[in-house]
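*Asks:* One structure coming up, written as structure tokens, with questions to follow.
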Amino acid sequence: MKISEIISAIEELAPIHLKEEYDNPGLQVGDSSVEATGALLCVDVTEEVVEEAIECGINLIISHHPILFKGLKSVTGKNYIERVVIKAIKHDIVIYSAHTNLDNAYGGVNYRIAQNLNLSNVRVLSPLNNQLLKLVVFVPVAAADNVRLAMLNSGAGKIGDYDMCSYNMSGYGTFRACEGANPYCGEIGSIHTENEVRIEVVLPIYLKNKVVDAMLKVHPYQEPAYDIIKLENANIYAGSGVIGELSDDVTTEDFLKRIKKVFNVESIKYSSVLKEKIKRVALCGGSGAFLINNAIRANADVFITGEIGYHNFFTAENKILLVEAGHYETEQCIKDIFCDIITKKFPNFAVRYTNVRINPINYL
């Protein structure tokens, strides 16, 4: 099995298109066309992690944080990033990262945390905009069902809790086939009128090529007429943070203890306790302080994230309980996500969690 196949499986859940503008996920180092000997999973790539891969005979490291976050102007080994790159290349090790694309993905980091906290009715806290397209295609009546089904089966037509969604309107199209054409209907040189169906479907941008290719493959016309329209609608299945509910109200003290248990931490930071019980929970793995106001507007009782910062604790203004549980700690579950993706699709493939202690922060 090639490394590129593993990457494709990850990007089915977390397409690169979902990344934040500042981010650099994807293939970091190496040739993805080679056969994979195993995958080593981690939050961050360090020299020790690369050494572990070498010792285990593994040629693929999958991390959450990209090792190449900013462009390199030289590779001389003057810092750990350059040393990681040098060692990986020297030993034919591929490094791949899924960062904010996995943070923003449906079923990604934040959904896994919500699952671990036993939240229900989970939805995106701050949906991404400009992530959706509308595909409009004009099809002869006899072929409408086949073309529609091809687009829907390729991932188009999902709106909220509904799938296979389309809009269909009857009309007629006119055209004249010129010399050299091979028309499905009508004659060369004559204006032809054909009863047609206008089919409209919504799709995420990253599925554009897949859906268009599926449509063109079954469309009977030599030159199908279709429009691709960019939408400003929010994509409710992709974005920053999530919010959900506990099945039963839990005392604040018990819920804080649950947070410590889920993230396996000895201590957490939190703001003033405002309510006796917790029901609505907003969260964001990693650095999520930018979502505090979103959580307040969503009427969450608590907002959990990895990093808040001293001054941001004042932002709560006694409107919400803020909990800081650690950047690394809130993103440990990334290894489980990677493992689930890979073992589900490739059940006999060797997957290993790093044994290296990566978190650079120590607690006393």
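*Asks:* When you take every Cα atom in the range 130-233, what is the radius of gyration, and what is Dmax, the widest Cα pair distance, in Å?
*Replies:* Using the Cα atoms of the range 130-233, the pair Rg, Dmax is 14.5, 48 Å.
*Asks:* On to the next question. Cα atoms only: what Rg and Dmax, in Å, come out for the range 67-145?
*Replies:* According to the Cα coordinates of the range 67-145, Rg and Dmax are 21.8, 66 Å.
*Asks:* A further question on this structure: Using DSSP to define loop residues, name the chymotrypsin sites (Phe, Trp or Tyr not before Pro) in the range 77-116 whose beta-carbon has at most 11 other beta-carbon atoms within 10 Å. Working shown, then result.
*Replies:* On the way: sites: 80, 96, 106, 111; in loops: 106.
Sparse-neighbourhood loop chymotrypsin sites (Phe, Trp or Tyr not before Pro): none present.
*Asks:* For residue 100, what is the net charge nearby, where nearby means another residue's Cβ is under 13 Å from its Cβ and Lys, Arg count +1, Asp, Glu -1?
*Replies:* Computed value for this residue: -4.
*Asks:* Using +1 at the Cβ of each Lys and Arg and -1 at the Cβ of each Asp and Glu in the chain, identify which of 3, 291, 229 lies farthest towards the dipole's positive end.
*Replies:* Farthest towards the positive pole: 291.
*Asks:* Just to confirm the number: angle between the C-alpha axis of helix 80-90 and the first principal axis of the chain, 0 to 90 degrees, nearest 10?
*Replies:* On a 0 to 90 degree scale, this one is about 60.
*Asks:* Only Lys, Arg, Asp and Glu count, each charged at its Cβ (+1, +1, -1, -1), so figure out the dipole size of the range 247-288 about its Cα centre, rounded to 20 debye.
*Replies:* 100 debye
*Asks:* Using +1 at the C-beta of Lys and Arg and -1 at the C-beta of Asp and Glu, which of 214, 186, 303 has the Cα lying farthest in the positive direction of the dipole of the chain?
*Replies:* Of the listed residues, the answer is 303.
*Asks:* Roughly what angle does helix 252-263 make with the longest principal axis of the chain, taking Cα atoms, 0 to 90 degrees, to the nearest 10?
*Replies:* Approximately 80 degrees, to the nearest ten.
*Asks:* To the nearest 20 debye, what is the magnitude of the charge dipole of the range 278-361 about its Cα centre, counting +1 on the Cβ of each Lys and Arg and -1 on the Cβ of each Asp and Glu?
*Replies:* 300 debye
*Asks:* Angle between the Cα long axis of helix 144-153 and the longest principal axis of the chain, 0 to 90 degrees, nearest 10?
*Replies:* 10 degrees
*Asks:* Now for a separate question. Give the cross-link partners of residue 78 among the aspartates and glutamates, using a straight C-alpha distance below 20 Å as the criterion and excluding same-chain residues fewer than 8 apart.
*Replies:* Straight-distance partners of residue 78: 44, 47, 48, 51.
*Asks:* Beyond a 21 Å Cα-Cα separation, which of these cross-linked pairs lie in this structure: 230/345; 260/345; 2/70; 19/335; 70/230?
*Replies:* From the list (230/345; 260/345; 2/70; 19/335; 70/230), the Cα-Cα distance tops 21 Å for 230/345; 260/345; 2/70; 70/230.
*Asks:* Here's something else I'd like to know. Over the residues of the chain, compute the C-alpha Rg and express it relative to 2.2 N^0.38 Å.
*Replies:* My calculation over the Cα atoms of the chain gives 1.20.
*Asks:* How much net charge surrounds residue 298 when only other residues with a Cβ under 15 Å from its Cβ are counted (Lys, Arg +1; Asp, Glu -1)?
*Replies:* Neighbour charge sum, excluding residue 298 itself: +3.
*Asks:* What FRET efficiency comes out for the pair residue 248/residue 357, r = Cβ-Cβ distance, R0 = 56 Å, nearest 0.05?
*Replies:* 0.95
*Asks:* Another question, then. How much net charge surrounds residue 150 when only other residues with a Cβ under 12 Å from its Cβ are counted (Lys, Arg +1; Asp, Glu -1)?
*Replies:* +1
*Asks:* From the residues 65, 141, 27, which one has its Cα farthest along the dipole of the chain in the positive direction, the dipole being from +1 and -1 charges on Cβ of Lys/Arg and Asp/Glu about the Cα centre?
*Replies:* So the residue furthest toward the plus end is 65.
*Asks:* Suppose every K and R has +1 on its Cβ and every D and E has -1 on its Cβ; what is the size of the dipole of the range 130-233 about the Cα centre, in Debye to the nearest 20? Walk me through the numbers on the way to the answer.
*Replies:* On the way: 9 positive and 12 negative charges, 55 e Å.
My answer is approximately 260 debye.
*Asks:* What whole-number distance in Å separates the alpha-carbon centres of the range 135-156 and the range 303-355?
*Replies:* 40 Å
Quick note: the coordinates plus some simple rules give every number you see, no bench work behind them. These figures come from a predicted structure and were not determined experimentally. Neighbour counts are summed over all protein chains in view; Cβ atoms, including those assigned to glycine, are modelled from backbone coordinates with ideal geometry.
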